[in-house]
Amino acid sequence: MGGLLRSIGIAVALACALPCALAAPSARAARAAAAVPPPPLVLDHAWIAVKPGAPERRALERAGFRINPAVNRHDGQGTASITVEFENGFLELLWPDDSVPVSPELMAAKAKFVARSNWREDDWSPFAVGFRRTAATPASFPFETWNVTADWMGAGRSIEMLTPRASHGVSLFIPVNGVDEAANLAAIRAGGPGAAIFRHPNGARRLTALRIISPTAAGLPPAAEYIRTAGAAGLDEGRAWLMEVTLDHAAQRRTADLRPDLPLMIHY
């Protein structure tokens, strides 16, 4: 009888210990994940310089993307844009617009937007990529930065540029306002017109990766290596200007190649 009781006791102890043993790796994994610091920068959005009025939008629409009907006017900067919205970011088509006022101190900046929109005829990059700060973002970066202001940003507000002033390459920056993912998700849950801009006919929902290819090393600013190491975006040298965007980790295993209308490939 005593042997039987000992056997039952051992069996009960093993039964109690088994769930604990199985749960332990998960608990360790959760603690390890919590201990990993956030990256210093995360992808927010990207824009492509296009022709006035963005006739290139039709290529995005043919690929199953819904264009936000609002046109953004950047007063003081002389540009306008339209966007394709995702839960956690957006793609923007931006063009120099002579109907939008330009501040005297930003006339040179307006000329740069014109050059970027003429990227096929000159050596300017048509691309810009914006990043959001995180709790791990340093107070200063190991490369040149500078700030730019314009009327549309509001008093006392500016964009932090991560690309040197004179660069013709990819423009990297930290925007005035980063994407508010929580607000976007709330709008989607609420339904109606506010949700419609996020519901693309092709089913794409989230911006998960971005890579820029430059035809020359000069097209990649000094910050490129830092951005790559942070995992915020890919910046590489290749044969021609190209932006590769990945949505939803390419869960549908589909690719939309929008060339020659746009130097853009979208994996979703």
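Taken together, the values in this text are just the output of simple stated rules run on the coordinates, not laboratory data. This one's a predicted model, so the numbers in the text were calculated from it and none came from an experiment. Note that each Cβ is placed from the backbone with ideal geometry, even for glycine, and that neighbours are counted across all protein chains shown.
Net charge around R120, counting only other residues with Cβ within less than 14 Å of its Cβ (Lys, Arg = +1; Asp, Glu = -1)? Net local charge, R120 excluded: -2. On C-alpha positions alone, give me the angle between the axis of helix 181-190 and the longest principal axis of the chain, in degrees, nearest 10. Once rounded, one gets 80 degrees. If R₀ is 25 angstrom, what is the calculated FRET efficiency for the pair R228 and T255, using the beta carbon separation as r and rounding to 0.05? For R228 and T255, the calculated efficiency is 0.65. Here, segment 128-244 is characterised by an Rg to Rh ratio of 1.01, where Rg is the alpha-carbon radius of gyration and Rh the Kirkwood radius. Annotation: extensible slack from N177 through A195 equals 4.5 nm (criterion: 0.36 nm per residue apart, minus Cα-Cα distance).
Based on Cα contacts under 8 Å between residues 6+ apart, segment 214-268 shows a relative contact order of 31 percent. Here the label points at R62 and S158, each 7 Å from Cα along the C-beta direction, are separated by 4.3 nm in the simple model. Against the chain, whose longest principal axis comes from its Cα atoms, helix 2-35 is set at around 10 degrees. Label-to-label distance, N118 versus T216, with points set 7 angstrom from Cα along the beta-carbon direction: 1.7 nm.
Evaluated at q = 0.08, 0.12 Å⁻¹, the base-10 log of the normalised Debye intensity for the chain, with identical point scatterers placed on the Cα atoms, takes the values -0.40, -0.77. Since only I227, G78, P55 are under comparison, the one whose Cα sits farthest along the positive direction of the charge dipole of the chain, derived from C-beta charges on Lys, Arg, Asp and Glu, is I227.
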